[in-house]
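The values are calculated or read from the model by the stated rules, or taken from the named source; none is laboratory data. Quantities reported herein were computed from a predicted structural model and do not represent experimental measurements. Glycine also receives a Cβ, built like all others from the backbone with ideal geometry; neighbour counts cover every protein chain displayed. The accessibility values were calculated without ligands, DNA or RNA, using every heavy atom of the protein model including side chains. Shrake-Rupley method; radii C 1.70, N 1.55, O 1.52, S 1.80 Å.
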Amino acid sequence: MKRDKGADDEKEKSTYLGFDLSTQKLKAVQLNNKLEILVTAEVQFDSDLPEFRTQGGANAGSRKNEYFVQPVMWVKALDIVMDRLVMEGADLSTVMAIGGSAQQHGSLYWSRHGIETLKNLDPDKFLHLQIDDSAFVLTRTPIWMDGSTENQCLEMETAIGGPQEMVTITGSKCYPRFTGPQIRKVYQQRTHAYEDSKRISLVSSFLASLFIGDVASIDYADASGMNLFDINTKTWSKACLNACAPDLEERLGTAVPTNSCLGNICEFFVQRFGMPPECRVAAFTGDNPSALSGMLVEKDWLVMSLGTSDTLMMNLEQPPHLEQGHVLCHPTEQDQYMGLLCFRNGSLVRDAMKRAEAQNSWETFSALLDSTPRGNYGNMALHFNTMEIIPQAKGVLRWNKTHSAASPDAVKGVLKFTSPEAEIRALIEGQMLHKRAIASDMGFHFGGETKIIATGGASVNKSILQVISDVFNAPVYIQKASEAALLGAAYRAKYCEYLAQSQEDTKATNEDSNIQSYHDFILPFIPNHVELVCEPSKDSADIYTPMLDRYRAMANVLQQNK
Ligand SMILES: Nc1ncnc2c1ncn2[C@@H]1O[C@H](COP(=O)(O)OP(=O)(O)O)[C@@H](O)[C@H]1O
Ligand SMILES: O=C(CO)[C@@H](O)[C@H](O)COP(=O)(O)O
């Protein structure tokens, strides 16, 4: 279809916003029409919002393995990040579409009053003064770090015919941090609150709700992290819903493809920030699917996100039947899937080690890591400070070169290594051996073609990336620009506008339009978007293959002790 020149000039000026509400921060980015970064802003929960007393973005509950967040903290963070974008020079009158991502699995419980308020936001007031505690029936909302629903997992799996059936339907056996078991716990322990909740959002759909001024649909990819969604039929599973809580489907609403446009931005943002009323809002999704959509990688690539949690992701053409790990609907490629492994003891453990052994400086941490040889003279450690997800194990175990599964003191190991550098290398090598072992168990084939692409907070650290490269015996790349989950959010915003525009054109001209896939549409904007940063040392396989066996023996010890 022909467009006039004025319209094309206007289009040139179009910009796109991406948001990522992860565990420790809310980040925002504005991209121009060529998908180049114009402005970024962020809000750190611990330091920018100290009144909520979070540590690493979360509050520990009074009971074992409980973690929560006060949802108002996230609302306040959005107020601040919007102001910071403006202060950084963002022209919000050019924003044509918004996309977003958020930490997975957490759930928010809207009150009737909250939904009414959402639909009638007053542009003269901050959001957090309107969407306050009264907007939610639970003011302490469970997040992905919560591991307190083991009983509910057992009940749900038993009700539907066992863990294998749960895997067949939802792509994962029941995991305590997944939303279904969490909702069941709320239903059992806070029955009145559950009954009073009119709608339930994931963290991603909650953030999208603030932008559209109504409760936003949950997308397929993030729905796959709930133990409630049938990843084959892409609908809520009746069996899982029944095993979870009554009248749940009406609280969840209909799930939509991650590529969907939810609608236009609500009046609040038009009035308060001068955003155009035709600005579209794409479905928001989980931060891991969003990272995958920000990387645009193909076969043989393993994506590693080093955020608060460490995760591994891969594209899958067919959903494999896994005993452990997760299969999610692919965020951008219809009928495809993504594999996900999540490791709870990631950045927060590295942070603690940096404080204890490296004068709280990443520079010192990296220098100490670099000063030790691969293999660390046989010193190895596993640090599962909190209950790990796979394997379910907790505790810290250090072995020196004399230890093996057969050693009399294998269970105790040593209390401490003799130097900070030995401690640091043992931590990082142990973390990466753990990931490699679990990824192999999950069926990821490591070969000469394997390439790793890293993102998230720790991916700026080249010393850590070199250990990854050596342990996995594969080259490591990073995305040149910023963080993948955040970029993925903004890319999906651009694609949402393209899809909507193409559909309108098809309608207007009655001609078949040749709509491009997300991958084919976005990739030409970002040629050479990845950069090689590390290659494996020649002796990597010789050193780390035997260490993989030792890792397994150590993990066994911690698993027996849990
Ligand atoms: N130079 C660095 N070296 C290693 N890790 C780092 C470095 N800078 C930041 N990090 C890690 O990044 C983590 C935060 O990652 P980020 O992806 O922002 O978290 P999230 O998205 O989960 O909120 C911090 O906990 C910290 O451990
Ligand atoms: O639970 C999972 C994935 O299954 C976590 O990966 C959360 O999605 C939190 O993400 P980060 O804040 O660590 O990026």
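Within the range 404-416, being out of contact with any Phe, Trp or Tyr (no Cβ under 6 Å at 6 or more places or on another chain) and open to solvent by 10 Å² or more (accessible area, probe 1.4 Å) holds for Ser404, Ala405, Ala406, Ser407, Pro408, Asp409, Val411, Lys412, Val414, Leu415, Lys416. Filter the range 454-471 down to the residues that are within 16 Å of ligand 2 (Cβ to nearest atom), assigned to a helix (DSSP H, G or I) and not small (Gly, Ala, Ser), then identify the one that is surrounded by the most Cβ atoms within 10 Å (Cβ to Cβ). Filtering first and then ranking leaves Ile464.
Residues in the range 122-139 that are hydroxyl-bearing (Ser, Thr, Tyr) and under 9 Å from Pro71 (Cα atoms): Thr139 alone. Ala474 meets each of the listed conditions (1) without any contact (Cβ under 8 Å) to a residue 40 or more places away in the chain; (2) assigned to a loop (DSSP other than H, G, I, E, B); (3) crowded, with 19+ Cβ neighbours inside 10 Å apart from (1). Looking across the range 267-308, the residues that are in contact with a Pro (Cβ under 6 Å, 6 or more places away or on another chain) and either over 15 Å from Ala489 (Cα atoms) or of a type in the set (D, E, K, R) (or both) come down to Phe268, Val270, Gln271, Arg272. Screening the range 320-376 for residues that are away from ligand 2 (no atom under 16 Å from the Cβ) and within 30 Å of Arg492 (Cα to Cα) and picking the one that is modelled with the highest pLDDT gives Thr332. Within the range 340-357, can you find the residues that are open to solvent by less than 40 Å² (accessible area, probe 1.4 Å), of a type in the set (A, V, I, L, M) and more than 10 Å from ligand 1 (Cβ to nearest atom)? If the condition is that a residue be open to solvent by less than 40 Å² (accessible area, probe 1.4 Å), of a type in the set (A, V, I, L, M) and more than 10 Å from ligand 1 (Cβ to nearest atom), then Leu340, Leu341 are the ones that fit.
Hey, does the range 266-281 have a residue that's within 16 Å of ligand 2 (Cβ to nearest atom) and either open to solvent by 40 Å² or more (accessible area, probe 1.4 Å) or polar (S, T, N, Q) (or both)? Looking for residues that are within 16 Å of ligand 2 (Cβ to nearest atom) and either open to solvent by 40 Å² or more (accessible area, probe 1.4 Å) or polar (S, T, N, Q) (or both), one finds none in the range 266-281, hence no.
Which of the residues that make up the range 211-227 are surrounded by fewer than 24 Cβ atoms within 10 Å (Cβ to Cβ) and either of a type in the set (A, V, I, L, M, F, W, C) or not in a loop (DSSP other than H, G, I, E, B) (or both)? Answer for the range 211-227, where residues must be surrounded by fewer than 24 Cβ atoms within 10 Å (Cβ to Cβ) and either of a type in the set (A, V, I, L, M, F, W, C) or not in a loop (DSSP other than H, G, I, E, B) (or both): Ile212, Val215.
Residues in the range 360-410 that are part of a loop (DSSP other than H, G, I, E, B) and polar (S, T, N, Q): Asn360, Ser361, Ser371, Thr372, Asn379, Asn385, Thr386, Gln392, Asn400, Thr402, Ser404, Ser407. The number of residues in the range 518-535 being open to solvent by less than 40 Å² (accessible area, probe 1.4 Å) and part of a loop (DSSP other than H, G, I, E, B) comes to 2. When Lys507, Lys451, Lys480 are checked against the criterion of being open to solvent by 10 Å² or more (accessible area, probe 1.4 Å), free of Cβ contacts under 8 Å to residues at least 12 places away in the same chain and more than 27 Å from Lys401 (Cβ to Cβ), Lys507 stands alone in meeting it. In summary, Leu487 fulfils each of the numbered conditions (1) within 16 Å of ligand 2 (Cβ to nearest atom); (2) touching a Gly at 6+ places or on another chain (Cβ under 6 Å); (3) open to solvent by 20 Å² or more (accessible area, probe 1.4 Å) with the single exception of condition (3). Among residues of the range 37-50 that are within 15 Å of Ala485 (Cβ to Cβ), those with a beta-carbon under 8 Å from a residue that is modelled with pLDDT under 95 and of a type in the set (S, T, N, Q) at least six positions away or on a different chain give the pairs Ile37/Ser482; Thr40/Ser482.
Gln501 meets each of the listed conditions (1) without any contact (Cβ under 8 Å) to a residue 40 or more places away in the chain; (2) open to solvent by 80 Å² or more (accessible area, probe 1.4 Å) apart from (2).
Residues considered: Glu298, Glu317. Of these, the only one that is more than 25 Å from Thr170 (Cβ to Cβ), open to solvent by 30 Å² or more (accessible area, probe 1.4 Å) and of a type in the set (Asp, Glu) is Glu298. Residues that are within 16 Å of ligand 2 (Cβ to nearest atom), surrounded by 14 or more Cβ atoms within 10 Å (Cβ to Cβ) and not hydrophobic (A, V, I, L, M, F, W, C) do occur in the range 417-434, at least one of them. Looking at (1) away from ligand 2 (no atom under 16 Å from the Cβ); (2) in contact with a strand residue (DSSP E or B) (Cβ under 6 Å, 6 or more places away or on another chain), can you tell me which one Ala291 breaks? (1) is the only condition that Ala291 fails. Selection of first residues in the range 249-261 that are closer than 14 Å to Phe284 by Cα and of second residues that are of a type in the set (S, T, N, Q) and in a loop (DSSP other than H, G, I, E, B), restricted to Cβ pairs under 6 Å at least 6 apart or on distinct chains, gives the following pairs, ordered by first then second residue: Val256/Ser217.
Filtering the range 72-118 to residues that are within 16 Å of ligand 2 (Cβ to nearest atom), touching a residue at least 40 places away in the same chain (Cβ under 8 Å) and under 30 Å from Glu150 (Cβ atoms) leaves Trp74, Ser101, Ala102, Gln103, Gln104, His105, Gly106, Ser107, Leu108.
Taking helices (runs of 4 or more DSSP H) as the structural unit, those lying wholly within the range 41-130 and holding at least 3 residues that are more than 16 Å from ligand 1 (Cβ to nearest atom) and open to solvent by 40 Å² or more (accessible area, probe 1.4 Å) correspond to 71-87, 112-119.
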